[in-house]
Amino acid sequence: MELRIDRQALVPVVQQIVDALAIWIRQDAVEPGTRLPSIRQLARQNLLSQASVHEACQRLVAQGLLASRHGSSFFVAPAVSDAGATAEEAWLPGVSSAPADPTHQALKLGCGGLPESWRESDDLGYAIRQVSRTDMAGLFNYGPPLGLPALREQLSRRLKQFEIDADENRILTTTGALHGLDLIVRTLLPPGCCVVVESPGYPKLFDLLRLHKIDMLELPRTSRGPDVDALQCLLAIHRPSAIFINSTCHNPTGSNLIPAVAQRLLQLARKHAMLVIEDDVYADFQGATRARLAALDAEVIYLGSFSKTLSSSLRVGFMAAAPSVIARLGEVKAITCMGGSRFAESVLAKLLANGAYRKLAQRQRQRLNADMAVALQLLEDADWKVFGKPSGGLFIWARPPLCDYAELQRMARRCGVQLSSRTRFSPSGADTDWLRINVAYARDPKAQAFFRATALDRPQVS
Ligand SMILES: Cc1ncc(COP(=O)(O)O)c(C=O)c1O
């Protein structure tokens, strides 16, 4: 069997052997149980060391592609050649042996995060090295259930810039904001209750509530925040236990909550004994100047995250709430996941303490502001309708002049663009003609070609 190893390549030899064998198994649809040539044979034929071939085969066993007998003879594992990609690969689009995905190269114009090219690794790498060298507890031990004190102290300081008064007893770290939402739902919401959610809104919140069998009451989102008149009508009929609000740089509309709406919403919540949960994961894309519910009412549960700015992989988020609520949530966190990642929290605490995070967020805000202006102009030129011009952040919610979604999809595919879902932003899964546009992708030539193609009065891309 010829493995075609390239000794000049940057990819390590063992990895090349792994890739070559994986391709052989998959593309040739080799029968399960087929025996591989012996290690010695493979090594001799391909001028490799037996140790390298053996190591590669062991890795393929770990990936479930090969099975081993006596640790030395290797066979194609059952059902692998039929099953295609492993579960891990399904989570890792773009890895070399993943199955061909026609949308893989497409520009994700409607996606929810920054492009990979925007992410900055120097300061993060430095903090990771520092923690690895100097903080053994960070590497090996469980973290405290409420979160690392050094990080909670930094978070308390940061919240002051949003005029949120939260000392460390009011702060709990989470494994991203989604974990915070899950803790709230499972700890504070009674079984069978209903809650108010914004529509359009964050799809994973809807999934989470469905998972916990909690009914959702849809509240329209306006360009000034949730529709408080509609909320008043809802409250005349229903008794929701909680309301979830994404205050700044709202996902997907990009809109911000204005102070008058915030005040009215809080009055209604108090009158109807409704818990207010403020999801502010995009806070650092907007800066300090916007209205926050938690700044106006200490009973509001506030959620933040570093996924959008620093790293989605680090998985560090946090919550600020009344100490009694934090204590309850901390108990459930301890039961379900011990503490958070002490390592990730130590890394973040370093970046907050040395000012690197503040500067990163500043750079991202400036870049996003510039991209927002360009994207709004592109949409205007192509006759799209915009749902309130966002003053910053990642998203524009916009409706193309052409409302036939199937035709729009075809156009997008021809331009190499992937659109946002038509149904996921609605709690009831209703269709919409509006699309989420991520401004960090809108300058790309593929996006520009797509916008031009959608303009009614322009020649369409063939
Ligand atoms: C509104 C909103 N809340 C929460 C989250 C989850 O954030 P995290 O990655 O910190 O769990 C997201 C992620 O897209 C979001 O858009």
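Computed quantities for the displayed model
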quantity: Set Phe306, Phe318: member being at pLDDT 95 or above, farther than 16 Å from Leu266 by Cα, in contact with a Ser or Thr (Cβ under 8 Å, 6 or more places away or on another chain) and aromatic (Phe, Trp, Tyr); calculated: Phe318
quantity: Any pair with Cβ under 7 angstrom, 6 or more apart, that starts in the stretch 291-311 at a residue that is without any contact (Cβ under 8 Å) to a residue 40 or more places away in the chain and ends at one that is within 13 Å of the ligand (Cβ to nearest atom) and outside any loop (DSSP other than H, G, I, E, B); calculated: Val300/Glu278
quantity: Residue match in the stretch 277-286 (condition: open to solvent by 20 Å² or more (accessible area, probe 1.4 Å) and small (Gly, Ala, Ser)); calculated: no
quantity: Residue within the stretch 331-338 that is farther than 26 Å from Gly392 by Cα and open to solvent by less than 10 Å² (accessible area, probe 1.4 Å) present; calculated: yes
quantity: Selection status of Asp207, farther than 18 Å from Val325 by Cα, without any contact (Cβ under 8 Å) to a residue 12 or more places away in the chain and within 19 Å of the chain's Cα centre (by Cα); calculated: yes
quantity: Complete set of residues in the stretch 220-259 that are under 19 Å from Ile301 (Cα atoms) and part of a strand (DSSP E or B); calculated: Gly225, Pro226, Ala242, Ile243, Phe244, Ile245, Asn246
quantity: The stretch 84-135: number of residues that are of a type in the set (A, V, I, L, M, F, W, C), assigned to a helix (DSSP H, G or I) and at pLDDT below 50; calculated: 3
quantity: Sole residue being at pLDDT below 80, surrounded by 14 or more Cβ atoms within 10 Å (Cβ to Cβ) and of a type outside the set (A, V, I, L, M, F, W, C), chosen from Ser72, Ser81, Ser38; calculated: Ser81
quantity: Lone qualifier among Asp229, Asp215 - being closer than 17 Å to Ala269 by Cβ, surrounded by fewer than 18 Cβ atoms within 10 Å (Cβ to Cβ) and more than 16 Å from the ligand (Cβ to nearest atom); calculated: Asp229
quantity: Tally of residues being part of a loop (DSSP other than H, G, I, E, B) and more than 8 Å from the ligand (Cβ to nearest atom) across the stretch 298-314; calculated: 8
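The values are calculated or read from the model by the stated rules, or taken from the named source; none is laboratory data. Just so we're clear, the structure is a prediction, and the values are computed from it rather than from any experiment. Don't worry about glycine lacking a Cβ; one is built from the backbone with ideal geometry, like all the others, and counts go over all protein chains shown. Quick note on the areas: whole protein, heavy atoms, side chains included, nothing else; ligands and nucleic acids left out. Shrake-Rupley method; radii C 1.70, N 1.55, O 1.52, S 1.80 Å.
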